[in-house]
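What follows is a set of notes on a single structure, which appears directly below.
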Amino acid sequence: MKTATTFAMPLTDEQRWQAVCERDPAYDGQFVFAVRTTGICCRPSCRSRRPLRGNVRFFVDVASALAAGFRPCKRCQPASIDPQQQRLRKVEIACDLLAQESAITLDALADAVGMSRWHFHRLFKTVTGLTPKRWQLAFRARRLRDALSASQKVTDAVLAAGFPDSSSYYRQADAALGMTARQYRDGGESATVYYALSPCSLGRCLVAQSERGICAILLADSDEALLAELRHIFPRAFCEPGSEAYAIEVEQVIRHLDNPATPFTLPLDLQGTAFQLQVWNALRAIPPGQTVSYQALAERIGRPAAVRAVASACAANKLAIVVPCHRVVRADGTRSGYRWGPARKAQLLMKESDKES
C-alpha cells in the first residue's frame, strides 16, 4: 500500500493532474483539486468520475478550496481525517462484523463501510493480507483453538468458535487447524506428519508435510535437535519418514533454502492466528536482498502499534526461508534475533545481498 509522500520540490499542475488521473493515494494531503462545473473539491485519490482537465483547479489544501467557494466531496471527504486512517477504520469495522457468530456476505460488508464490493475486497486484502473469507476462517480457528485448549467438547467448541452446525463448516474448521478438531484437542493425536532430513547450506534441515502441505521447515546442527523440535510442535501426531516421492518435493525446498530467489511452488499448510497469518503473508512479500524493520512491517499490515506482536509472530514462524523472517531487522538496521540462530541469519542476509549486488 502506498503511503503519503513528502516531495522536495513543489508539484507542477501536470504532476497533479497525472495523480488525479491515476487516483494515486500517495498524493493525498499534498493538494486537492476542485471542479468548476460541480463546485466540489476532492482528494487526488477520489473514486468519483474523472472531470475534464479544463474544468479543474488545484489548491494546496482543502481550506484554500473552501475559501474559493468550493464544497468538500461527500465521497472522499477531503476535510475529514487522513484517508489512510479512514481506510484502516473501514477494515476495523469489517473485522468486527466478521468476528460475530452470524454469517455475513461480502456485499453486506461492503455496504456497511460504504464501498463497492470490488474496492472493499481489494482494500481488505491489502491491509490484512487475507481475503475477508480467509480472515474470518482464521479468526474462528483461533477461537476454536482457545476453546479446544479449555477441553470443551469438540461440537461445543466448533459452535462456540462461530462455525455453523453443518458438515461443510466442520470441514472448514478442520482445514483451518491442519487436522481434525478432535486431533487438535488431543495434541495432534492420530494425525500423520511426514518428514525428511537433509543437509543444506545452513546445516541440517527437516521438512515436514501434513495432508494439506508443507507445515514445517526447521534448521539445526543435528538431526536429533530437528526431530525433538518436530515432536514439540506436533506432540501427539504420528511423525513418519516420507516416501521416495516425498524426497523429490524436499529437493525443491532445499534448492529454495540454498537460493531463496528460486521459485517455490509447493502448497503450504500455514497454521496460525489471523494476526500471525497477516504477518507471515507480509513477510513473503519482501523480495530477497531487501530487509524491513519490525516497525515498518507493523505499518505494512496496518498495525503500527503492534511492533512486539509482529516480533512474536516472526518468532512463531515454522517455515524457515519460505516465510522469510530473517529479512526483518531492528529499526537501526542491525540484525535482531532469529529462531534458528543469529549466525544463520547473518549468512542468509549476506548471501542475498551478494546476489543483489
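The values are calculated or read from the model by the stated rules, or taken from the named source; none is laboratory data. None of the values given here were measured: they were computed from a predicted structure. When we count neighbours, we look across all protein chains shown, and the Cβ atoms used for this are built from the backbone with ideal geometry, even at glycine.
The number of residues in region 19-73 being within 19 Å of L123 (Cβ to Cβ) and free of Cβ contacts under 8 Å to residues at least 24 places away in the same chain comes to 3.
Would a scan of region 247-269 turn up a residue that is small (G, A, S) and crowded, with 16+ Cβ neighbours inside 10 Å? No, every residue in region 247-269 fails to be small (G, A, S) and crowded, with 16+ Cβ neighbours inside 10 Å.
Based on this model, can you work out whether A282 counts as over 21 Å from S210 (Cβ atoms), touching a Phe, Trp or Tyr at 6+ places or on another chain (Cβ under 9 Å) and either aliphatic (A, V, I, L, M) or crowded, with 20+ Cβ neighbours inside 10 Å (or both)?
Values: over 21 Å from S210 (Cβ atoms): yes; touching a Phe, Trp or Tyr at 6+ places or on another chain (Cβ under 9 Å): no; either aliphatic (A, V, I, L, M) or crowded, with 20+ Cβ neighbours inside 10 Å (or both): yes.
Answer is no for this residue.
Kindly check whether there is at least one residue in region 273-282 that is within 28 Å of the chain's Cα centre (by Cα), of a type in the set (A, V, I, L, M), farther than 15 Å from N317 by Cα and at pLDDT 85 or above. Checking region 273-282: not a single residue is within 28 Å of the chain's Cα centre (by Cα), of a type in the set (A, V, I, L, M), farther than 15 Å from N317 by Cα and at pLDDT 85 or above. Regarding region 77-87, can at least one residue be identified that is under 28 Å from A298 (Cα atoms), surrounded by fewer than 19 Cβ atoms within 10 Å (Cβ to Cβ) and at pLDDT 80 or above? Looking for residues that are under 28 Å from A298 (Cα atoms), surrounded by fewer than 19 Cβ atoms within 10 Å (Cβ to Cβ) and at pLDDT 80 or above, one finds at least one in region 77-87, hence yes. Residues in region 297-317 include none that are more than 28 Å from L137 (Cα to Cα), among the β-branched types (V, I, T), out of contact with any Ser or Thr (no Cβ under 6 Å at 6 or more places or on another chain) and in contact (Cβ under 8 Å) with a residue 40 or more places away in the chain.
This table checks each residue for (1) part of a helix (DSSP H, G or I); (2) touching a Leu at 6+ places or on another chain (Cβ under 7 Å); (3) farther than 18 Å from A296 by Cα.
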| residue | (1), (2), (3) |
| --- | --- |
| A313 | yes, no, no |
| I321 | no, yes, yes |
| H326 | yes, yes, no |
| G337 | no, no, no |
| W340 | no, yes, yes |
| K345 | yes, no, yes |
| L348 | yes, no, yes |
| S353 | yes, no, yes |
